[in-house]
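Trainee: Have a look at the structure that comes next, please.
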Amino acid sequence: MEPMGKVLMINYEKCTGCRLCELVCSVMHEGVSNPSRSRIKVVKWESEGLYVPISCQQCQDAPCVNVCPVKALSRDETLDFVEVDYDVCIGCRACVSACPFGAMSFDVIAKKVIKCDLCDGDPQCVRFCEIEAVEYVDADRVSVFKKRDAAQRLSAAQKEAAALQAQL
Amino acid sequence: MDFDSFVEGPLLWVVFFIVLIGVIARVVFFLYAIIKSGTDRDFRWGYSLATFGRSFVPFHNAVTKRPLYAILRYIFHACLIIVPVWLAGHVALWEESRFGWAWTALPDAWADWMTLLLLALAAYFFFRRIMVKDIRLASSTSDFLLIGITALPFMTGYFLTHGSLDSLPFLGDNMWTIHVLSGEAMLLVVVSLFCRTRLSLAKCTGCAACELSCPTGTLESNDEGKLRIFTYSHYQCICCGECVNTCPEEAAELRHEIGLGGFFQIVPKLEIRSVQLKACDKCGAPFAPEPQLDKIGQTLTGDYLRFCPRCKKLDFAQTFYQLSPWTKKLKTANNHP
Ligand code: SF4
Ligand code: SF4
Ligand code: SF4
Ligand code: SF4
């Protein structure tokens, strides 16, 4: 039985694309309001009015954890998320290339990799998103996603990528 | 004046003079390079000094990867400096010289043992270089030459003090001259000896973690188009070994380099490695070094490795959108795509 922590649930239908979550995320972690240093990113299709906030999926058999050459990434058991140990991390960026969702980024200013750490259990993006497009809920409430495990999500993303590739 | 007395007299003084000038020049060049790089950009003085200092201690963290080898290397270098400076015979010569300097000498027995230890280690390093395939392939002639040049004065010095080869025809008569000459050669080599970082072409994946660890900003990488170029300057490098310690592929090495050519190359940076960057299969932007992706490909399989993080994010947002329960609702409600 995998641990059932709380997860970020994203209801993109509600998202208005205001990107407040990006701002508060970078303020929380870096002390400056710079969306490019945020852990959560809003992907926008302006013409369709479609906004999808994306952050780390805290995968179960996480690709980033598997490729890290110095084992700086591990699963935090209490909050059930994938954590970067910055004392160990050497900044090789293998995890950035390995993450299937582009959720691991490299902060060129602080020169370190950044990913969602659930703000130690009090996600700021959730706190500030008044319309509740991002919510912090028990994992079993996210029924659709919990039925599909990480591997399946991964293969869906891959298929999508392959399909896009075929269109080119 | 015959050859012997020339070697032991004027030539020796000329060599000492060159060494003195060389050392002063190097200190000046080093300070200049390091101050210049410090004013150019963010330079961590405290950290640099600490790492520099730590590299004189045998157990600093850059050697923990190969502790035994590091200890042997440390002993070797300690003997290399202590024996010639504190040898009773040498101290006596300084006292007789026009300077009349004198200092306490090392007991003869100690000097003997240290010399033997140094020679044994030199032999070990030499044969290790020949026997171990990885090291042999990465070695150049100058690596072997360097060990030979270092060992020769000690070998001849040992024979001299013990008179063990005095009965041989040519060697016995000229041992003294050979000793002094080889000592002079060694001093000259030492002045033009640099410790230089190399990134092994076979092992380095181009991840640039070493760049992040370098406290002086000596090792730099720049992504220019489809290439990641690593540059380096031996005057800025404090030989702290942080890069060696950091590299996950054991690709960064600190190596001796005899370089007269590099002596006056103070500020310009040498290009030491260039790595091909993979262009995203979708948007075409170069995003990660090819060798590193190849390495990741050994652990993970997935088409997504061919896409840059930005395109992966877009892909995922799209997938997410199609998989999510709201899409279904929307689709039935107003035939949204
Ligand atoms: S960073 Fe990427 S691979 Fe790692 S846990 Fe998060 S989503 Fe998964
Ligand atoms: S950047 Fe850090 S966390 Fe990521 S793979 Fe490299 S060492 Fe591991
Ligand atoms: S850390 Fe090692 S593998 Fe990475 S770029 Fe430096 S030498 Fe190459
Ligand atoms: S290049 Fe390597 S040895 Fe030289 S200063 Fe930088 S980290 Fe230290």
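Trainee: Per the helix-only calculation at 222 nm, which mean residue ellipticity applies to the protein assembly as shown, given -39500 (n - 2.57) for every DSSP H run of n ≥ 4 and division by its residues, nearest 500 deg cm²/dmol?
Mentor: Numbers: 20 runs with 245 residues, N = 505.
My calculation for the protein assembly as shown gives -15000 deg cm²/dmol from helical runs alone.
Trainee: Just going by the charge dipole of the protein assembly as shown, with Lys and Arg at +1 and Asp and Glu at -1 on Cβ, which of B:Ala208, B:Val267, B:Ile75 is farthest out on the positive end?
Mentor: B:Ala208
Trainee: Take the alpha carbon atoms of segment A:85-103, find their center, do the same for segment B:272-312, and report the distance between the two centers in whole angstrom.
Mentor: Cα centres, segment A:85-103 to segment B:272-312: 13 Å.
Trainee: A further question follows. Within 10 Å of each Cβ of A:87-95, how many other protein chain Cβ atoms are there on average? If you can, show how the numbers build up before the last one.
Mentor: Details: counts 0, 0, 2, 10, 8, 12, 9, 10, 1.
Per-residue shielding by partner chains comes out at 6.
Trainee: Using a Förster distance of 60 angstrom, determine the FRET efficiency expected from the C-beta separation of B:Thr301 and B:Leu11, and round it to 0.05.
Mentor: On the way: r = 66 Å, r/R0 = 1.11.
With R0 = 60 Å, the Cβ-Cβ based efficiency is 0.35.
Trainee: Something else now. Which whole-number percentage describes the relative contact order of chain B, with Cα contacts under 8 Å and a sequence gap of 6 or more?
Mentor: Numbers: 375 pairs, mean separation 58.3, N = 337.
Relative contact order, chain B: 17 percent.
Trainee: If you count, for every residue in A:98-109, the Cβ atoms of partner chains within 10 Å of its Cβ, what is the mean?
Mentor: Working: counts 10, 5, 10, 9, 12, 4, 2, 3, 1, 0, 0, 0.
What the average comes to for A:98-109 is 5.
Trainee: Which angle between 0 and 90 degrees, to the nearest 10, do you get for helix B:141-162 versus the longest principal axis of chain B when only C-alpha atoms count?
Mentor: Result, in degrees: 30.
Trainee: So, one more: If amide hydrogens are placed 1.01 Å from N in the peptide plane, which non-local residues have theirs closer than 5 Å to the one on B:Thr197?
Mentor: Result for B:Thr197 returns B:Arg255.
Trainee: Tell me which of B:Leu171, B:Phe125, B:Val190 sits at the most positive position along the dipole axis of chain B, charges placed on C-beta atoms (Lys, Arg +1; Asp, Glu -1).
Mentor: B:Phe125
Trainee: For A:Ala110 and B:Ala185, what is the calculated FRET efficiency with R₀ set at 60 Å and r taken between the beta-carbons, to the nearest 0.05? Please list the in-between numbers first.
Mentor: On the way: r = 50 Å, r/R0 = 0.83.
About 0.75, to the nearest 0.05.
Trainee: Using a 1.4 Å probe on the protein heavy atoms, what percent of the accessible area of chain B belongs to carbon and sulfur?
Mentor: Numbers: 11870 of 17840 Å².
Ligands and nucleic acids excluded, carbon and sulfur give 67 percent.
Trainee: A further question on this structure: Identify the chymotrypsin sites (Phe, Trp or Tyr not before Pro) of segment B:216-299 meeting these criteria: DSSP loop state and at most 11 other C-beta atoms within 10 Å of the C-beta. Display every interim value, and only then the final one.
Mentor: Values: sites: B:Phe230, B:Tyr232, B:Tyr235, B:Phe263, B:Phe264, B:Phe287; in loops: B:Tyr235, B:Phe263, B:Phe264.
For chymotrypsin sites (Phe, Trp or Tyr not before Pro) across segment B:216-299 that sit outside H, G, I, E and B with at most 11 neighbouring Cβ atoms in 10 Å, the list reads B:Phe264.
Trainee: Note the angle between two axes, namely the Cα long axis of helix B:309-323 and the longest principal axis of the Cα atoms of chain B, as a number of degrees from 0 to 90, rounded to the nearest 10.
Mentor: For helix B:309-323, the angle is close to 30 degrees.
Trainee: Using Cα atoms only, what is the angle between the long axis of helix B:67-86 and the major principal axis of chain B, expressed in degrees (0 to 90) to the nearest 10?
Mentor: So the inclination is approximately 30 degrees.
Trainee: Treating the beta-carbon of each Lys and Arg as +1 and of each Asp and Glu as -1, no other charges, what is the dipole magnitude of the protein assembly as shown about its Cα centre, to the nearest 20 debye?
Mentor: Values: 51 positive and 53 negative charges, 390 e Å.
Its charge dipole is roughly 1880 debye.
Trainee: Which entries in B:Lys65/B:Lys313; A:Lys14/B:Lys226; A:Lys41/B:Lys226; B:Lys65/B:Lys295; B:Lys133/B:Lys278 show an alpha-carbon gap greater than 29 Å? Kindly include the intermediate steps, with their values, before the conclusion.
Mentor: On the way: B:Lys65/B:Lys313 38 Å; A:Lys14/B:Lys226 40 Å; A:Lys41/B:Lys226 26 Å; B:Lys65/B:Lys295 22 Å; B:Lys133/B:Lys278 31 Å.
Violating the 29 Å Cα-Cα cut-off are B:Lys65/B:Lys313; A:Lys14/B:Lys226; B:Lys133/B:Lys278.
The values are calculated or read from the model by the stated rules, or taken from the named source; none is laboratory data. Keep in mind that this is a model prediction, so the values were computed, not measured. Neighbour counts are summed over all protein chains in view; Cβ atoms, including those assigned to glycine, are modelled from backbone coordinates with ideal geometry. Calculation scope for accessible area: heavy atoms of the full protein, side chains included, ligands and nucleic acids excluded. Shrake-Rupley method; radii C 1.70, N 1.55, O 1.52, S 1.80 Å.
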